[in-house]
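The values are calculated or read from the model by the stated rules, or taken from the named source; none is laboratory data. Keep in mind the model is a prediction, meaning the values are calculated, not measured. As a convention, Cβ positions derive from the backbone with ideal geometry for all residues, glycine included, and neighbour counts pool all protein chains shown. Accessible surface is based on the protein model in full, side chains and every heavy atom, while ligands, DNA and RNA are left aside. Shrake-Rupley method; radii C 1.70, N 1.55, O 1.52, S 1.80 Å.
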Amino acid sequence: MLNNPAVRSLLQQVVAKPVVGRHAQQLACTVGRNFHSSEPAMEIFMVNSEDDFKNKVMRSPVPVIVNFHAEWCEPCHSLKPLLEKIAQENEGHLHLAEVAVDEHLDLLHAFEVTAVPAVLGIHRGMVVEKFVGLVSHKEVKGFVDKLLNK
């Protein structure tokens with residue numbers, strides 16, 4: 001998969017950028033303060049663009065389950081609630097990203113997805129686990145365990 005030029009290009013673009021200007025000032029104002037984030041520790045989200053994918057998946061500090069699915073795919077509809085349940089059970093330890101393949105052909109090709117549902121486990125910008133098709137709850141749990149232990 002890393003031999004694919006599209007994946008290499010996507011990975012090369014995922015570079016941490018320094019905090020400068022107004023953002024650095026805002027960050028400096030929060031140092032030393034105790035504050036609580038209103039955002040949930042667990043996040044389930046739809047990928048809206050390639051940039052969205054780069055920012056929320058490839059740059060995520062926690063592992064991300066990426067569910068490539070289609071509205072017309074019956075197995076996809078069966079798998080989605082299971083993935084959401086597992087994401088909730090692992091709150092704070094992983095995120096779940098939903099990618100509609102009909103809307104994001106660029107990501108479909110970049111990650112060599114040839115059938116749906118296709119589920120990738122991405123950690124620190126790298127694909128570390130993958131499965132295709134409708135699998136058992138036990139197999140999904142094993143997938144998540146491997147992803148969390150990378």
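List pairs: first in the range 49-72 and farther than 12 Å from Leu96 by Cβ and in a loop (DSSP other than H, G, I, E, B), second of a type in the set (Val, Ile, Thr) and open to solvent by 30 Å² or more (accessible area, probe 1.4 Å), Cβ under 6 Å, 6+ apart or cross-chain?
Cβ pairs passing all conditions: Arg59/Val14; Ala70/Val116.
Criterion first (more than 21 Å from Lys150 (Cβ to Cβ) and either outside any helix (DSSP H, G or I) or hydroxyl-bearing (Ser, Thr, Tyr) (or both)) does Glu112 satisfy it?
no
Just to be sure before I move on: is Glu91 open to solvent by 50 Å² or more (accessible area, probe 1.4 Å), under 24 Å from Asn149 (Cα atoms) and at pLDDT below 95 in the structure I sent?
Numbers: open to solvent by 50 Å² or more (accessible area, probe 1.4 Å): yes; under 24 Å from Asn149 (Cα atoms): yes; at pLDDT below 95: yes.
Against the criterion (open to solvent by 50 Å² or more (accessible area, probe 1.4 Å), under 24 Å from Asn149 (Cα atoms) and at pLDDT below 95), Glu91 qualifies.
So Phe143 clears everything in (1) surrounded by 13 or more Cβ atoms within 10 Å (Cβ to Cβ); (2) outside any helix (DSSP H, G or I); (3) among the aromatic types (Phe, Trp, Tyr) except one condition, right? Which one?
(2)
Is one or more of the residues making up the range 130-139 modelled with pLDDT under 95, farther than 23 Å from Lys150 by Cβ and open to solvent by less than 80 Å² (accessible area, probe 1.4 Å)?
No, the range 130-139 contains no residue that is modelled with pLDDT under 95, farther than 23 Å from Lys150 by Cβ and open to solvent by less than 80 Å² (accessible area, probe 1.4 Å).
Sort out which residues of the range 73-84 are under 10 Å from Pro117 (Cα atoms), open to solvent by less than 10 Å² (accessible area, probe 1.4 Å) and either acidic (Asp, Glu) or assigned to a helix (DSSP H, G or I) (or both), and write them in order of number.
Passing the criteria: Cys76, Leu79.
For a quick check of your reading of the model, give me the residue pairs whose first member lies in the range 74-88 and is β-branched (Val, Ile, Thr), whose second is open to solvent by less than 60 Å² (accessible area, probe 1.4 Å), with beta-carbon atoms closer than 7 Å and at least 6 apart or on different chains.
Hits for this filter: Ile86/Val140; Ile86/Val144.
Give the number of residues within the range 48-57 that are within 21 Å of Leu94 (Cβ to Cβ) and open to solvent by 10 Å² or more (accessible area, probe 1.4 Å).
5
What number of residues in the range 97-122 are under 19 Å from Lys54 (Cα atoms) and surrounded by fewer than 18 Cβ atoms within 10 Å (Cβ to Cβ)?
Let us first name the residues in the range 97-122 that are under 19 Å from Lys54 (Cα atoms), namely 97-113, 118-122.
Subsequent filtering for residues that are surrounded by fewer than 18 Cβ atoms within 10 Å (Cβ to Cβ) retains 98, 102-103, 105-106, 109, 112.
So the count comes out to 7.
So, in the range 51-94, exactly how many residues are touching a strand residue (DSSP E or B) at 6+ places or on another chain (Cβ under 9 Å) and aromatic (Phe, Trp, Tyr)?
Residues flagged as touching a strand residue (DSSP E or B) at 6+ places or on another chain (Cβ under 9 Å) and aromatic (Phe, Trp, Tyr) within the range 51-94 amount to 2.
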